Each structure stands twice: as structure tokens, then as C-alpha cells.
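Report on one structure; see the data block that follows.
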Amino acid sequence: MVKIHTLHIEPPVVNASCAWASDYEQLRELYESPYTGAVITRTATFNGFSEDSSNTVAFAKDSVSSVNSYGYSPHPLSKYLDWIYTLLTTPCLDGSPPTKPIIISITASTPTVLAEMVENVQTLRKKLRATYSVAASFGEFIPPLSPTRSNRHSAGAAPSTSTHAQTHAGGIDPATLVGIELNTSCPNIKDAPPPAYTFAFLLPLLDVLSSAFYADPSLTIGLKLPPYLYSTRFAEAIRFVHTYTREIRPAVFMNGSMRQLAEQDGIPLRSLNPFAYFACTNTLGSCLLFSEQAFHDPADATLSHTVSASGDMETDDVTYPHTHASSSVPSSPSPPSSSASSTPPPHPPSPSLAPSPFALPPALGGLGGESIHPISLGNVYTFARMLAAHPDHAIRRIRVIGIGGVTSAAAAGRMRAAGASVVGCATLLGREGVRAFEIIAGHHS
């Protein structure tokens, strides 16, 4: 079991935030898998992000690699909050409440919007506390024996004897089942480069997350980072994150009120930092796969779950301009009506109707899977070593989730050997579905 601040992840395997964690059914399937220790949603914006046929994925023929041109989820944050509430309030088969954490991936381009999104997540966490308290008072939930395992997938799952230090309504605090991951690194947003490549641009958003954490230190916050290619980037990221560390004395409740412990109480200061983990890495942008290098399955041409925002739905396109492909194939002109008095002249041939030589409609996309594995290993290795050697205890507590080319048990082992506390996958999930996590566990050929 791996503990990342208030999240208990067992087994230490997650899905990366990706297109295959977009809707309720996908999230439910991920949540119910005994091979995932936590679930991470696809990145949500406040209003949802408009998608079209140019947003897709291509898988390589000769390796478990992919390029994708996806942006963020078409579903707004409010949908994810509703789905997560349902997942975390649906009892397991043995009647106990769920105990597997869910991390909500979010992004925003302004601090004001991000602050509203974080507040909405906090409202969900409060709602979960209230729901669990009421359910427990009516005996509807059996208090879980362990916070490290969800029994939803098996009515006969073996109980654990471990316990959780913080309890709520006879079990764990349900608010600690929800975390936040800020996506700082999507490479496919037109005219909006990943801010984590110039970390100073990210600071207004980190300010929002820091304020939320110090108002409620039970909130677990992670950062999804891009692949860095030289050493100063790693040092820069840690240097800026370190500026958010505070020395704080623990508080206690006495006579029904909270009192901050003072130095004379003999309680030492504790170093805290709002950021509990780095997810390394997102895909590498501006990568090109030719059509001849990709395999084509008509069933995989578009994701069945993907929905475009309806015409009357407000989306976040103004803030994050959608990546339109100039080379995408337009729809064919409608045939003339049989009642037309004359036949219009034929349309001149259009160069855009020629088959594209590229695997993706926009040509360029984010590279993932085995092809990025060495870069991701290097990022995990570098961050893990630099964090472990930092003089600040709070920085040393930051964990690394290793993502990028985790396509087998051996690849997962390499990630852990490089320093990852938890491993995650996306490309393998896109190719294999949730059986990907059996493969990573070494339980499936």
C-alpha cells in the first residue's frame, strides 16, 4: 500500500488521466477493477472542451505506442462531480462503503476559474462526509476494515486487519477519497503551450491550490507534468514548488474548539507543502506518425464515448482554442434534390479530399506508450532523486507517479526501480481496456 498524503493506493497502480477515463461507464469499470488502486479522471474544464473528429488517437503497428490529438474532456467538471459522488456512495457487494480513491484531473487558464473549480470539488467532499454520516447513523454502511482495498469487485474479498488513523462515522473519512490533479502539460491545445514548461507562468494557478490546501490540509493535490529534457527544468519545478512550504504547528481540539499548539507545548513545527505528488510524464508534443506506421481498426477510429459539445452548450473554447486540422476531410456535399429545376455544376476537386499520409488528422500529436518510456523513466528517476535529496522534509514527502510506456509488468518494475511510488498507464488502457491492469500485474499474457 502506498500513501500519498491522505490517499491510500493499493495496489499502487492507477490509470493516467486520459481519454479512456472520460465518462461514467469507463470510470466505473476502472473503479471496479481489483487491479487499480485509484482512478484518475480525464482532465475536466469548468464548462467542458469542444471535440470533433480531429481529436483522436492512432496506435503504432510495431510497438505499444500511440500519438493522440485529444484536448480536454468534453464533459464539464459538474458531470465528474456527480459521477464520483455516485461511485463513492454506492456500497460494495459486502455492504461496506467504497474505499478506493478517485483523483479529479482539472485545468483552467485563470486563477478565478480554477478557484471556483476547487471550491466545487470541496463541496463534493463535504457532501460525501454528510452522506456517510447519515448512512452510518442508519446502519446502511458497514464500516470498512481497511482503507487500502475496495471490496466492490468481490463479495468474498479477504478482509485486512490494518486500520486508518482518521475515521469518520465509524470508518475512513470519505473526503480523503477525493484528490485533485492539476494538468499543467497537455501538448495539444492550440496557442496554449503547457505552462509547466515555463513554471513561472503556472504560479497564479499554484497560488489557488496552495490557498485551498492550507484552508483544508486534508486535501491531496498532485501536478501532472510534461516530459522535461534537460536538468534545469527539474530544478526549476522543485524550486518553485518549494516556495509554497510553510512551517506549521499542529492544531488540537479542546473543549469543542480548535487551538493552535504553541512552542511551550513542546510540539515542534511541521513542514507542509500543498503538493503531494508529481505525475511524470504527460505525452510528448509535436510528434508525427505516418499512416503506414499505424494499425487501423474501424472500431477504434473514434471513441464510442466521445461526445462533441452541443451547439447550445457553453464550453471553454475561448480560453483554450480548439485544435482544428486544416488537413481534415470535410463532409461531402449533399446531393442535389430530385425536385431541383436544374443540375448544379460539379464541385471542383479539392486537395483536402486526398487521403492523408498521416495517422492523425492534424498530423501532429502527443506521443505516449513504449516510445516515450525512456524519457519518462528519466523524468521519474531525476525527480525522485532530487526530491529525496532536498533539505525540506515537505519536499521529500512528495511522491512520483510514473507514467509513460507502462505496458507490461517489466515496464512497471522499471518505473518503480527508477523511483516511482505508483505507476500509471494510458496507451495500454486504450488498446486493451481494463485488462491492461491485469497485464501490468503480470496476471495476463
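Evaluating N55 against the criteria (1) surrounded by fewer than 23 Cβ atoms within 10 Å (Cβ to Cβ); (2) more than 20 Å from G442 (Cβ to Cβ); (3) polar (S, T, N, Q); (4) at pLDDT 95 or above leaves one unmet condition, (1). Any residue that is in contact (Cβ under 8 Å) with a residue 40 or more places away in the chain and of a type in the set (G, A, S) - is there at least one of those in region 392-400? Yes, region 392-400 contains at least one residue that is in contact (Cβ under 8 Å) with a residue 40 or more places away in the chain and of a type in the set (G, A, S). Residues of region 190-226 that are at pLDDT 95 or above, in a loop (DSSP other than H, G, I, E, B) and of a type in the set (A, V, I, L, M, F, W, C): L219 alone.
The values are calculated or read from the model by the stated rules, or taken from the named source; none is laboratory data. Model, not experiment: these values are computed from the prediction. FYI the Cβ positions are ideal-geometry reconstructions off the backbone, even for glycines, and counts take in every protein chain you see.
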